[in-house]
Each structure stands twice: as structure tokens, then as C-alpha cells.
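We did not get these values from a lab; they are worked out from the coordinates using the rules stated. Given the structure is predicted, the values throughout are model-derived calculations rather than measurements. Don't worry about glycine lacking a Cβ; one is built from the backbone with ideal geometry, like all the others, and counts go over all protein chains shown.
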């Protein structure tokens, strides 16, 4: 093993700011600005960012901890709120409502997965063999996050606490532009150099094809040895210069448009995201401290923009704030996230619609994976290929889970829903659905992002019930199982009711932004 030497990359250039660019800058300057490297971020105030990635999943907390960001400071700076999961409305059938929580369901008993015991109790009730027992109800009754969300509550317990509140899994809602601003301040304090300007040309080595520099519209050239492309959908380096190619998944995920329109907050501040299905897509609702983020994601093959905006405006809960923004996208990913000496992050790398709030996580994972495979000046194809393999695997895992929401519908009221209900799906997803349908089994492969409770939530929430439960569930004593489930159900409910309301918790923990009120 050799210490740092001339083979080390000395110049890292990040192209594009926004959430992805400043996440990269904050992380790289925290760990790689060791006096031998320079980290430069190039962005232009004249080029806007998408900035609607306001909902996240739990691993974002690990990224913030890695950067030594205190949670309360972060929430206060970004007008953030807590997210316990996602409520889905009208997805299985119109009128249906279910909750996808962060965290698990219940307690396993003697090695038998809790959900198998739940399926067994439901089967007994359906067969008329559960006389004298209390109904087991909805599976959400056995989730700490679901019960807290149902009552608008939140609590954060100390590590090692025996309280059931410790089972809460959570992420955040926040203002993406304020998060980028927060990270920019951190990155610049850590030594990141920001350069203002639009890139007019990209220069490449005539022999290797590697990018050597980017040229600004004033003629200035910024040289680098490793380039991080955070230039958004256009992929200025990864596609514009290197013509990497794009794997299009729109035949499985046909929504290709979004309209974003914030509004004033309603009277209460729910600690969860809501996704409401409409005729050719769905609507998000993301509550922040100072406003509610709303958007309508839809398929332009089945709905015109004017109709989509009309539906969105008719279904927001407060006074609109500003104009609606219309966005276009194609679901998929670059054929290579790392090509030559360019690594694409964020929208430059690919885009899977925001249904399960994975966009920021994909940036975070890309950064962490690059840390684990950080190259020398002479980039090894083996390390580059391993990075691309891992990113493809992650994107495909997320893709399959998002496709599930559409495939597992019984809606037939519009042409859009009939199409997604009847479409063929990737073999990897078809296998998971078949295993579930047989005996309610879920198996994770490799390092899949979504865990067993997530698959269970969507399958049951959208009325995909297994034909049978796992026969191992019959090995446990009936009365003990029924008693344990009743105890769990009551404990989760009572614990949730004892928690403070989310707004009260934010204020008590000094996480509430200054001069904030509930009127927006």
C-alpha cells in the first residue's frame, strides 16, 4: 500500500448545483479536500433547478450524520418536517386508502414473520373460524409509524430506549432549494470553490476521450481530472459530451409529465406524504413548515396539460402560492452512470418518478458508492464497471418497486389504468409477485433498497392477498397468537396517543423555523 502520491486525483470538478451538486460538494469537501485536492463547483444563476424533490426516505439521516449536520439545525434551516411514510389514496380501487410506513410491522413470534401470523388470523376470520376473537383489523394497526401518522404525532426517543416509539422509522420533507443553500454554505466553509457561469464547451483528450476541462461563456477554462455531472436532465457531460446513451423504461412507467404548485398550509401539519391517484397519474402532497408542496404526475398519452393542471388546482387544500411549473421527463437511466472520467449524479444519471421519494437517495447512494470505489488519475475499468453494475442494480430495484404500484391495481375506469394493470412487467418483479401470491413470501436479493415491510404494505394495501399463508404459522398456539396480536395493537395505539403533535414536537425541539406560523 502506497501513501498519497502523484497518482492521486487532484482536481474534482462538479458541473451543476442544485440539491445533487451541493450534496456532492459537501460530501467531497468533507472527506477529500485534504490539501492535495481542489473541489470546484460550476453553476449558473441563470439556469434554474428542478427543485421539487422535497420528500425523502430514511437513509437521508445517515447522509446528514456523515456530514455532522445536527437534525434540529437542518430542519430549522430547510423548513423541514418529519415523514413517517406515504398514504396512498385510490390506488388499488377508487375509494381505497392505505399507508406505506417506515419501519416494521409488529413482532415476529418464535421465528415466524409477523405478517404471516397476520395473514393467518385474517384467513381464519374469513373462514368463520375466529369466533370470540377481536378482529385483527388493518395491518397498519401493528406499525408504530402508521399509528403515529394516523394521529398526527411524532416522537424521537433516545438510543437504547425500550419505548415502542423507538420503532418509528422516519425521513423528512424539506424545501429542496433551502437544503441546497444549506449544503452550499457547509461546502464552501470546507473549501469548495464555486464558479459562476454557463458552460459553453466541453474539452476532451484526443487520445483517451476523457474530459479535460469545461469552458465558460467568458472563455475561462476549468480543468479537472474527475468530473461529477449534476447538470440535470440534459446531462451536459455524460450525454452531451460523451453520448453515453439512455435506457428508457417508459413502457413500464409511462408517466412523463409533472406540474408543481405549492399552496398555503391547511390547519394541521401531517407527518407523512400523500399520493392520490387520478385518471392518468397521481398527485403528491408534501407538508413543510411554511407551505405545502403539491404536484400532479401524469402521462401525456392519456391526458392534456390543461386538464392535468385543472385537476391539480381542484385538489389542493390551500391558497396557491406562485405559478404552476410544468416539467417533462423520461423514466430510465443512463446506460453508464460512470463513463470515462465523468460520474453522473441526480437527474443527469437517470430519473424514476417521485412516487416513493427516491431521487435524493439515488444521489446519496451514488456519492457513497463513488467513495467506496474512488479512483486514481488512471481510472481502472474494473472499479468503474463495479460502480455501474451497482447503480444499475439499485435503479432496477427502485424501478420494480414503483412499477408494482401500477401493476397491482384493479382500476379499470380509464384507459391509463387498464394499460398499467394489464402490461407485462420485468421478470424480476413478476417473480416477486408470484412468490407473494403463493404464500405471502418476500425475499430480498443483494442489497435491495425496499425491505419486506414495504412490499407487504403495497401488496396488501392494493388488495393483492396471497392464496395461502406460510404453513409454519400453524405451528404456534392459537390463543397465544391472538393474545399477542391484541396486545401489540393496543400498545401501538396507546403509545401513539401519548406522543406530541408534530408541530409541538418541532417547536419543543427547536426545529421550527424563526417567525413561522401555520398560515404559510
Q | Inter-part distance where region 204-241 and region 271-330 are each reduced to a Cα centre, Å | A | 35 Å
Q: Beyond 14 Å, what share of the Cα-Cα pairs of region 257-328 is found? Please give it as a whole percent.
A: 53 percent
Q) What is the pair-distance distribution P(r) of region 310-358, computed from all Cα-Cα distances in 10 Å bins starting at 0, with each bin given as a whole percent? A) 19, 34, 27, 14, 6
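So how do 31, 179, 395, 387 line up by other beta-carbon neighbours within 10 Å, fewest first?
Values: 31 14, 179 27, 395 24, 387 21.
With the fewest neighbours first, 31, 179, 395, 387 line up as 31, 387, 395, 179.
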Q | Between 0 and 90°, nearest 10: helix 18-31 axis offset from the chain longest Cα axis | A | 80 degrees
Q: Give me 29, 380 ranked fewest to most by other Cβ atoms within 10 Å of their Cβ, as a rough exposure proxy.
A: 380, 29
Q) Which value in nm describes the separation of the simple spin-label points at residue 6 and residue 110, placed 7 Å from the Cα toward the beta carbon? A) 7.0 nm
Q. Fewest to most neighbouring Cβ within 10 Å: what's the order for 28, 374?
A. 374, 28
Q | Expected 222 nm ellipticity per residue - DSSP helices of 4 or more, -39500 (n - 2.57), all of the chain, to 500 | A | -10500 deg cm²/dmol
Q. Calculated FRET efficiency, residue 162 and residue 307, Cβ-Cβ r, R0 60 Å, to nearest 0.05?
A. 0.70
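Give, in nm to one decimal, the length gained when the segment between residue 430 and residue 444 is fully stretched (0.36 nm per residue of separation minus the Cα-Cα distance).
On the way: separation 14, 0.36 × 14 = 5.04 nm, distance 1.39 nm.
Length gained, residue 430 through residue 444: 3.6 nm.
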Q: Using only alpha carbon pairs under 8 Å that are at least six residues apart, calculate the relative contact order of the chain and give it in whole percent.
A: 23 percent
Q. Just one of [x] 25.5; [y] 24.4; [z] 26.6 is Kirkwood radius over Cα pairs in Å as worked out from the coordinates here. Which one is it?
A. [y]
**Q.** On Cα atoms only, tilt of 427-439 relative to the major axis of the chain in degrees
**A.** 20 degrees
**Q.** Length-normalised contact order for region 257-328 - Cα pairs under 8 Å, 6+ apart - percent
**A.** 44 percent
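What does the highest-first list of 341-353, 91-103 look like by mean Cβ count within 10 Å?
On the way: 341-353: 26.4, 91-103: 19.3.
Taking the mean over residues of other Cβ atoms within 10 Å, the ranking is 341-353, 91-103.
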Q.
Between residue 94 and residue 127, what's the calculated FRET efficiency when r is the beta-carbon distance and R0 is 22 Å? Round to 0.05.
A. 0.15
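Expected output is a single nm value to one decimal: the length gained when fully extending between residue 414 and residue 248, i.e. 0.36 nm times separation in residues minus the C-alpha distance. What is it? Show your work: numbers first, answer last.
Values: separation 166, 0.36 × 166 = 59.76 nm, distance 2.42 nm.
Here the segment from residue 414 to residue 248 would lengthen by 57.3 nm.
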Q: Please determine, in degrees from 0 to 90 and to the nearest 10, the orientation of helix 452-461 with respect to the longest principal axis defined by the Cα atoms of the chain, where the helix direction is its Cα long axis.
A: 60 degrees
Q. Which distance in Å, rounded to a whole number, links the C-alpha centroids of region 364-378 and region 62-82?
A. 24 Å
Q | Segment residue 335-residue 474, extension gain: residue separation times 0.36 nm, minus the distance between their alpha carbons | A | 45.3 nm
**Q.** Zone of residue 268's modelled label, taken as backbone nitrogen in region 478-513 under 11 Å from a point 7 Å along Cα→Cβ
**A.** 501-502
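How high is the relative contact order of region 126-240, in percent, counting Cα pairs under 8 Å that sit 6 or more residues apart? Provide the component values of the computation, followed by the final result.
Values: 76 pairs, mean separation 12.3, N = 115.
Rounded, it is 11 percent for region 126-240.
If I take R0 = 30 Å and measure r between the Cβ atoms of residue 372 and residue 451 in this structure, what FRET efficiency does the formula 1/(1 + (r/R0)^6) give, to the nearest 0.05?
Working: r = 21 Å, r/R0 = 0.72.
After rounding, the FRET efficiency stands at 0.90.
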Q | Percent antiparallel among DSSP beta bridges (both partners in the chain, rounded to 5) | A | 70 percent
